[in-house]
Amino acid sequence: MSGAIAAEGIGQPVRRKEDFRFITGNGHYTDDIARARQTYAYFLRSPHAHARIKSIDTSAAEAAPGVVAVFTGKHVADDGLGGLICGWTVTSKDGTPMKAGAHPVLAFDTVRYVGDHVAMVVAETLADARAAAELIDVDYEALPAAVALSTCQDEKTAQVHTEAPRNTCFEWELGNKAETEAAFAKADRVVKLDLTNNRLIPNAMEPRAAIGEYDKGSGIYTLHTTSQNPHVARLVLSAFVGVAPEHKLRVVAPDVGGGFGSKIFIYAEETACVWAAAKVGRPIKWTGDRSEAFLSDAHGRDHLSHAELALDKDGKFLGLRVKTIANLGAYLSTFSASVPTYLYGTLLSGQYDFPAIYVEVDGVYTHTAPVDAYRGAGRPEATYLVERIVETAARETGIDPAELRRRNFVRTFPHQTPVIMNYDAGDYEASLDAALEAIDYKGFAARKSEAASRGKLRGIGFSSYIEACGLAPSAAVGSLGAGVGLWESAEVRVNPTGNIEVLTGSHSHGQGHETTFAQLVASRLGVPLDSVEIVHGDTDKVQFGMGTYGSRSGAVGMSAIVRALDKIETKAKKIAAHLMEAAVEDIVFENGTFTVQGTDKSLAWAELSLAAYTAHGFPSADIEPGLKEGAFYDPTNFTFPAGCHICEVEIDPDTGITRIVKFVAVDDFGTVINPMIVEGQVHGGIAQGIGQALLEHGVYDPDSGQLVTGSYMDYCMPRADDLPSFTLGFTKTVCPSNPLGMKGCGEAGAIASPPAIINAVTDALGIRDIEMPATPARVWEALQSAAPRAAAE
Amino acid sequence: MSVVAMTVNGKPASADIEPRTLLVQFIREQLGLTGTHVGCDTSQCGACVVHVDGRAVKSCTMLAAQAEGAEVLTIEGLAANGDLHPVQKAFREHHGLQCGFCTPGMIMTAVDLIRRKPELDEETVREELEGNICRCTGYHNIVKAILAASQEMR
Ligand code: FES
Ligand code: FES
């Protein structure tokens, strides 16, 4: 391989191809699009958490300056538009399917959370639309609301949906109850912990946006939108909501400014814009402002859990018993039922060899914004629970936390857990050892006493996490209730001049696919990186794809590209054999050149590409002209990224401020294509995890159901001065279930870091638990109640 | 409606606009310079930072009329004569961006920061970025990029 090409190959920190447009202001995000004669949409939202709509009078708004049209739930219903759906059906332990309430695009007779969509005003300008919305007269009958997770299942609490008594959508279980009971019966010690996993609001920096268009001549609708999976959006909008038939609907997700899960889902605003574009006969543009994002983007996490861990006298884990109440919000969002069930319960074995696990999860409705996948989706909640209770067990047994983990690690693979997952490869001790070394665990005691001499409290906390990525084998998810398969597609198009377009069903919204995917293709074909273009995000270009979430784009999306490249190579060799008058078996393809083994005959990539299209003299029965191949790749297993994060904090007892003095992350992602990009993904994930542990909290007023944290004034986003620089390390076990050996890296930081931080904070404070986010106020309060002990140390 | 006129990226720019028009709206909607972004409605995120008469300003927090007669520089005008500014180069070199949405504001803020404080250290950079939110990078590489650029520009 030539030096220049090798420097762009797999494993190289290649600088990103996409950066030029972003650093020069030439990106194309949805809100950057302006269409001739476009109108602007503004959504009137419910000011109540729960109310009956007695009547809506839109006449004054319709007569207001600049107004083109006003739509309400009645228009949507009259038009026969279906509701928004949840693509995953969870079955309760009694065998009944989950009890889903309807999710209309615009509220019909009831509003169910503050921010619920009541009407859409379309006008010549945004200012006109906004002003007219104020003229809509909605007669609400305010009703009591179910807000607090701890009381929403009470008999006397208000009902969100009549279909779901006691606001319980499903009562799900996983694992073997009897075996788990038996394990607890023979335990020498049982450690118990009640945990809250705080509600988070995703806050991708680009707010959601949409521009809906309708072409009367062809009957084709086009929706440009901020989506992580435009094909899934098209499928849902056509097959379920019924906006237009699939072949008459194009969905484009151009540059997207971050997603973190929140842009997977099919929301009301985008749906209404494309639907109404035909009604008004003009393009309709909507760009959410940040306040709307807080109110109506799907939130994340929000669990209450009780966990019990059974140990024998040597500290071996015998069993884990978990009861969780998971908030679903007011409506089921696109994947919400799967998040606190199959993405949560299945990860409760952690890195440990558990003989028995039993988990029960109640998915409950409340009068709050829908809750769905947010970076990690279920796996952070599982990891938080496991790593908090393991650390607590270490403290209660007096066994060093690293040692207790070591005693219980899974060491042989494949390993079948009691909760579905079959771990394929890993070396958990290797990442623990590397992390201990990087943080200088041996020196901790000295650092702690040095901090104490300055009046500061120092603590250290561990998190040995595992997650499941590469979502997912279609048969497996199908058997568990998914309405879709989770394969990925790719198409490799070689142009006559030898450059290459790769169409992928993955979508990049910060992950750098244009670079990483091109590295794979360029190194495989022996061509320069610049001659490879990655095409994604447009249903008119890419035939179908499942999109990007669950750290699936490497393990699944790139595997599809590998399969397509295999086919390209097979056909190219056939053409080469024909051109060089040799047998196919004698053709060698290396470094972008085809040679005939044992001869000096050779053919460069560009020559072959051209010949594929001139096709002169091809034996037409054997070789079709052209060089273009597609593949669908369905994974055979989940992938299992794992590692160890260790956090060291220092707390100022006078202010309660926690400073992260060192954060070490050692991850095993299998094969890494671009370490620079992978490190960036880890940094961002850790930052979100630190946000969850120390800063962020989506809070509703428990009585009124008003969102208290509805802006950056109240919702504490991590800023540069809240965070340290991170120390990263990598270990590697190759994933055996996909051709590149990749595991996925997008969510690890957000999954692993919160328990490491809270373990460190509780260590510093000498307490069992502190609720996330461990704000200075909470830390200070904890210090006041723990004052005698803290002072004595 | 009233006419405002200013210089944007070295070129005269004027439009007849409603008095309530924000500078960021003028830049994005009137001039079509969509590199400047809007990430919040409370003046907190810094996605909208541009330079007005050489100083970093949140363009969502200022009326277009207040920039009457001013020299405005947006991200599109930063690469003078097509050569990337050292801060732009450093963001690329150190992977200081992922989705790119906060990036124009970050870069414009960083250019102003390096002008004001040529001798930067990590702590100062982190403090000075108080008004710019990035959800993707965890700031690690942004800080690195700004420190590298400030070295380069010394
Ligand atoms: S858009 Fe100006 S600070 Fe957020
Ligand atoms: S790069 Fe996405 S918000 Fe900063």
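Using a cut-off of 20 Å between alpha-carbon atoms, which lysines can reach residue B:117, once sequence neighbours fewer than 8 places away in the same chain are excluded?
Hits, sequence-local ones excluded: B:58, B:89, B:144.
Less than 20 Å from a label point 7 Å out along the Cα-to-Cβ axis of residue A:584: which backbone N atoms in the range A:602-626 qualify, by residue?
A:602-605, A:608-626
Residue A:453 versus residue A:78, label points 7 Å from Cα toward the beta carbon: distance in nm?
8.0 nm
Restricting to Cα pairs below 8 Å that are 6+ residues apart, what does the relative contact order work out to for chain A? Please round to a whole percent.
Relative contact order for chain A comes out at 16 percent.
One quarter of the convex hull surface, Cα atoms only: what value does that give for the range A:650-751 in nm²?
One quarter of the hull surface, i.e. the mean projection, equals 9.4 nm².
Report the semi-axes of the equivalent ellipsoid for the range A:414-454 in whole Å, largest first, where each axis is √(5λ) for an eigenvalue λ of the Cα gyration tensor.
Largest first, the range A:414-454 gives 37, 12, 5 Å.
Suppose R0 equals 41 Å; then what is the FRET efficiency for residue B:68 and residue A:701 from their Cβ-Cβ distance, rounded to the nearest 0.05?
0.40
Among the complete DSSP H segments of chain A, which ones combine at least 15 Å of alpha-carbon extent along their axis with a mean Kyte-Doolittle hydropathy of -1.0 or more?
A:268-280, A:379-397, A:428-439, A:513-525, A:559-579, A:675-690, A:748-765
If one computes the Cα centroid of the range A:305-370 and of the range A:591-618, what distance in Å separates the two points?
If we compute the Cα centre of each part, the gap is 57 Å.
Summarise the accessible area of chain A (1.4 Å probe, protein heavy atoms) by the percent that is carbon and sulfur.
Its accessible area is 52 percent carbon and sulfur atoms.
At 1.4 Å probe radius, can you tell me the per residue accessible area of the range B:2-77 in Å²?
Spelled out: the 1.4 Å probe surface of the range B:2-77, per residue, equals 42 Å².
What total accessible area, in Å², is buried where chains A and B meet, using a 1.4 Å probe and rounding to the nearest 100?
Interface area, both chains combined: 4000 Å², rounded to the nearest 100.
How big is D, in µm² s⁻¹, for the range B:81-153 by Stokes-Einstein at 4 °C and 1.567 mPa s if Rh is the Kirkwood radius over C-alpha pairs?
Approximately 109 µm²/s, per Stokes-Einstein.
Computed FRET efficiency, Cβ-Cβ of residue A:544 and residue A:218, R0 25 Å: what is it to the nearest 0.05?
Once rounded, the FRET efficiency stands at 0.75.
Would you please give the residues with an amide H less than 5 Å from that of residue A:730, counting only those at least 5 places away or on a separate chain, with H modeled from the backbone geometry?
Long-range HN contacts for residue A:730: A:667.
Just from the alpha-carbon atoms, what are the Rg and Dmax of chain B in angstroms?
15.2, 47
Please list, in chain and number order, the residues 5+ apart from residue A:742 or on another chain whose amide H is under 5 Å from its amide H, with Hs placed from the backbone.
Those qualifying (amide H under 5 Å, at least 5 residues apart or on another chain) are A:671, A:735.
Just how many % of Cα pairs in the range A:487-633 lie over 18 Å apart, if you round to the nearest whole percent?
The proportion of pairs with Cα distances above 18 Å equals 55 percent.
Working out 0.36 nm times the residue gap between residue A:446 and residue A:566, then minus their Cα-Cα distance, what length gain in nm do you get to one decimal?
Extra length from residue A:446 to residue A:566 when fully extended: 37.6 nm.
Compute the accessible area per residue over the range A:10-151, keeping the other protein chains in place, probe 1.4 Å, unit Å².
On a per-residue basis, 42 Å².
All other residues with a Cβ under 14 Å from the Cβ of residue A:43 taken together, and with Lys, Arg as +1 and Asp, Glu as -1, what is their net charge?
With Lys, Arg at +1 and Asp, Glu at -1, the net is -3.
Using amide H atoms built 1.01 Å from N in the peptide plane, name the residues 5+ places from residue A:220, or on other chains, whose amide H lies under 5 Å from its own.
HN-HN under 5 Å from residue A:220: A:215.
What residues of the range A:272-307 lie in the reach of a label at residue A:154, counting those whose backbone N is under 19 Å from a point 7 Å from the Cα along Cα→Cβ?
Taking a point 7 Å out along Cα→Cβ of residue A:154, the residues of the range A:272-307 whose backbone N falls under 19 Å are A:304-305.
Calculate how many DSSP beta bridges within chain A are antiparallel, expressed in % of all such bridges and rounded to the nearest 5.
Restricted to chain A, the bridges split so that about 80 percent are antiparallel.
Please say if the range A:1-141 is rounded, prolate or oblate, where rounded means a/c under 1.5 for a ≥ b ≥ c the square roots of the C-alpha gyration tensor eigenvalues, and otherwise the choice is prolate for a/b larger than b/c and oblate otherwise?
Since a/c reaches 1.5 but b/c is at least a/b, the shape of the range A:1-141 is classed as oblate.
What does the net charge come to around residue A:527 if you take all other residues with beta carbon closer than 15 Å to its beta carbon, with K and R at +1 and D and E at -1?
-4
Among all the lysines, which ones have a C-alpha under 29 Å from residue A:323's C-alpha, if same-chain residues fewer than 8 places away are not counted?
A:93, A:99, A:156, A:177, A:186, A:192, A:313
Tally Lys and Arg at +1 and Asp and Glu at -1 over the other residues with C-beta under 12 Å from the C-beta of residue A:416: what net charge comes out?
-2
Expressed in nm to one decimal, what extension gain is obtained for the pair residue A:597 and residue A:60 from 0.36 nm per residue of sequence separation less their Cα-Cα distance?
Between residue A:597 and residue A:60, full extension yields an extra 185.2 nm.
Separation between the residue B:80 and residue A:407 pseudo-spin-labels, each 7 Å from Cα along Cα→Cβ, expressed in nm?
The answer from the label model is 6.7 nm.
Can you give the helix-only mean residue ellipticity at 222 nm for chain A, where every DSSP H stretch with n ≥ 4 adds -39500 (n - 2.57) and the sum goes over all residues, rounded to the nearest 500 deg cm²/dmol?
-8000 deg cm²/dmol
Identify all lysines with a Cα-Cα distance to residue A:574 below 16 Å; exclude those on the same chain that are fewer than 8 residues away in sequence.
Hits, sequence-local ones excluded: A:601, A:628.
In square nanometres, what is the average projected area of the Cα convex hull of the range B:2-77?
Directional mean of the projected Cα hull area for the range B:2-77 stands at 4.2 nm².
Rounded if a/c is under 1.5, else prolate if a/b beats b/c, else oblate: with a ≥ b ≥ c from the C-alpha gyration tensor eigenvalues square-rooted, which is chain A?
Taking the square roots of the gyration eigenvalues as a ≥ b ≥ c, chain A is oblate.
Give the whole-number value, in cubic angstrom per residue, of the convex hull volume spanned by the C-alpha atoms of the range A:217-334.
Here the figure is 164 Å³ per residue.
Per DSSP H run of at least 4 residues, take -39500 (n - 2.57); add these up for chain B, divide by its residues and hand me the 222 nm value, nearest 500 deg cm²/dmol.
Helix contribution divided over all residues of chain B: -8500 deg cm²/dmol.
Across the range B:3-17, in residue order, what do the Karplus-derived ³J(HN,Hα) couplings come to in whole Hz, using 6.51 cos²θ - 1.76 cosθ + 1.60 with θ = phi - 60° and x for Gly and Pro?
The phi angles translate into 8, 10, 9, 7, 9, 10, 6, x, 10, x, 9, 8, 7, 8, 10 Hz.
The values are calculated or read from the model by the stated rules, or taken from the named source; none is laboratory data. Since we're looking at a predicted model, the values are computed, not measured. Quick reminder, even Gly has a Cβ in these numbers, built from the backbone with ideal geometry, and neighbours come from all protein chains shown. Side chains are part of the model used for accessible areas, which takes the heavy atoms of the whole protein and leaves out ligands, DNA and RNA. Shrake-Rupley method; radii C 1.70, N 1.55, O 1.52, S 1.80 Å.
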